[in-house]
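Reading through the structure tokens given below for one structure.
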Amino acid sequence: MSNTFAPGATLTVQDVADLIDHALLKPELTPAEVEATCRELATDEIWSVCVRPSDVALARGAVEGHTTRVCTVIGFPHGTTSTAAKVAESRQALEDGATELDMVLNIGRLIGGDLDAVREDIAAVVEVGHGAGALVKVIFETALLDEDQKVAACRASEEAGADFVKTSTGFAGGGATLPDVRLMRANVGSGVQVKASGGVRDIDTLLAMVAEGVTRIGTSSTGALLAGAREREAAGTLVVPEPGQDLDSADGQGY
């Protein structure tokens, strides 16, 4: 599904909920905390909960009976595990009930210029994911890359068959920025979507991201985003702005 909205479009709260992958990725989260949060979020029918690989089966049970899906991360957070390990991790996650895989590309290989290795690493996970009907998103870690490297990552991801390009893990001191999502949207074709993760904590920032063509938001601020959406919907102002804005709130720091 692609939630693409033109400038001036009026959204609903459910439209906003359908943009959200709620991140439950902090290492200190207990199974009880993950389960309780997944159950609570599922009542808002957000698009997905994005959990650690070991929590996929737990999350799948917690959201049962709701439309909320289970997403997980692969090779997280540094992208340096072997391709074989990423493939094995993907297979286990799919078996446990994940329907979306957010993989971290091999950042060191990308910066080192070995684009063939980056592309092959992505393609191996895409093959497994698509074989099970799952979407695959590729995390760049944009805070560590220069502009040319971000463009190269876009091209490698698209050539490897990825469904999304994604800004960040939330673990490298930076996250989504409006300039980065503009760049990513401009350097993938219409068949590849853009996910903004990190720093999207208020409804104005979310709407500004949507204006730039973002179709998924990775966040742990779901409560604040939905509360803001409800207020704006009631006021008749839950509207996508014109692109090209720069908001101080889009600071890209963490989830």
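The values are calculated or read from the model by the stated rules, or taken from the named source; none is laboratory data. Everything numeric in this text was worked out from a predicted model, so none of it was measured. All Cβ positions, even for glycine, are placed from backbone atoms using ideal geometry, and neighbour counts span all protein chains on display.
Given the criteria crowded, with 17+ Cβ neighbours inside 10 Å, in contact with a Gly (Cβ under 8 Å, 6 or more places away or on another chain), closer than 18 Å to A23 by Cβ and among the polar types (S, T, N, Q), does T215 qualify? Break it down into steps so the answer makes sense when it comes.
Numbers: crowded, with 17+ Cβ neighbours inside 10 Å: yes; in contact with a Gly (Cβ under 8 Å, 6 or more places away or on another chain): no; closer than 18 Å to A23 by Cβ: yes; among the polar types (S, T, N, Q): yes.
No, not satisfied.
Among the residues in region 48-70, are any of a type in the set (A, V, I, L, M) and farther than 28 Å from A124 by Cα? Write out each step before concluding.
Pass one, region 48-70, residues of a type in the set (A, V, I, L, M): 49, 51, 56-59, 62-63, 70.
Adding the requirement that they be farther than 28 Å from A124 by Cα leaves 62-63.
So far as region 48-70 goes, yes, one or more of its residues are of a type in the set (A, V, I, L, M) and farther than 28 Å from A124 by Cα.
Among A23, A57, A17, which is over 21 Å from S197 (Cα atoms), hydrophobic (A, V, I, L, M, F, W, C) and at pLDDT 95 or above? Lay out the reasoning, then the answer.
Values: A23 fails: over 21 Å from S197 (Cα atoms); A17 fails: over 21 Å from S197 (Cα atoms).
Exactly one residue qualifies, and that residue is A57.
Only one of S220, S197 is in contact (Cβ under 8 Å) with a residue 40 or more places away in the chain and either touching a His at 6+ places or on another chain (Cβ under 9 Å) or aromatic (F, W, Y) (or both); which? Please lay out each step first, then the result.
Numbers: S197 fails: either touching a His at 6+ places or on another chain (Cβ under 9 Å) or aromatic (F, W, Y) (or both).
It is S220.
Restricting to region 101-154, name every residue that is basic (K, R) and touching a strand residue (DSSP E or B) at 6+ places or on another chain (Cβ under 7 Å). Don't jump to the end; show me each part of the working.
Residues of region 101-154 basic (K, R): 109, 119, 137, 150.
Correct list: K137 only.
Criterion first (without any contact (Cβ under 8 Å) to a residue 24 or more places away in the chain and among the polar types (S, T, N, Q)) does T83 satisfy it? Reasoning before the result, please.
Values: without any contact (Cβ under 8 Å) to a residue 24 or more places away in the chain: no; among the polar types (S, T, N, Q): yes.
Spelling it out, it is not the case that T83 is without any contact (Cβ under 8 Å) to a residue 24 or more places away in the chain and among the polar types (S, T, N, Q).
Would you mind telling me which numbered condition in (1) modelled with pLDDT of 95 or more; (2) within 28 Å of G213 (Cβ to Cβ); (3) of a type in the set (A, V, I, L, M, F, W, C); (4) out of contact with any His (no Cβ under 9 Å at 6 or more places or on another chain) A88 fails?
(2)
Would you mention how many residues in region 155-182 are small (G, A, S), under 16 Å from the mean Cα position of the chain (by Cα), at pLDDT 95 or above and over 17 Å from L19 (Cα atoms)? Spell out the reasoning first.
Initial filter on region 155-182 (small (G, A, S)): 156-157, 160-162, 168, 170, 172-176.
From the residues that got through so far, the ones that are under 16 Å from the mean Cα position of the chain (by Cα) too are 157, 162, 168, 170, 172, 174-176.
Those left that are additionally at pLDDT 95 or above: 157, 162, 168, 176.
Among the residues that remain, those that are also over 17 Å from L19 (Cα atoms) are: 157, 162.
Qualifying residue count for the region: 2.
What are the residues in region 187-210 that are of a type in the set (A, V, I, L, M, F, W, C) and either surrounded by 24 or more Cβ atoms within 10 Å (Cβ to Cβ) or assigned to a helix (DSSP H, G or I) (or both), if any? Step through it out loud before you land on a result.
To start, the set of residues in region 187-210 that are of a type in the set (A, V, I, L, M, F, W, C) comprises 188, 192, 194, 196, 200, 203, 206-210.
If the condition is that a residue be of a type in the set (A, V, I, L, M, F, W, C) and either surrounded by 24 or more Cβ atoms within 10 Å (Cβ to Cβ) or assigned to a helix (DSSP H, G or I) (or both), then V194, A196, V200, I203, L206, L207, A208, M209, V210 are the ones that fit.
Exactly one condition in (1) in contact (Cβ under 8 Å) with a residue 24 or more places away in the chain; (2) of a type in the set (S, T, N, Q); (3) within 28 Å of E231 (Cα to Cα) is not met by T43; state its number.
Here T43 clears every test but (1).
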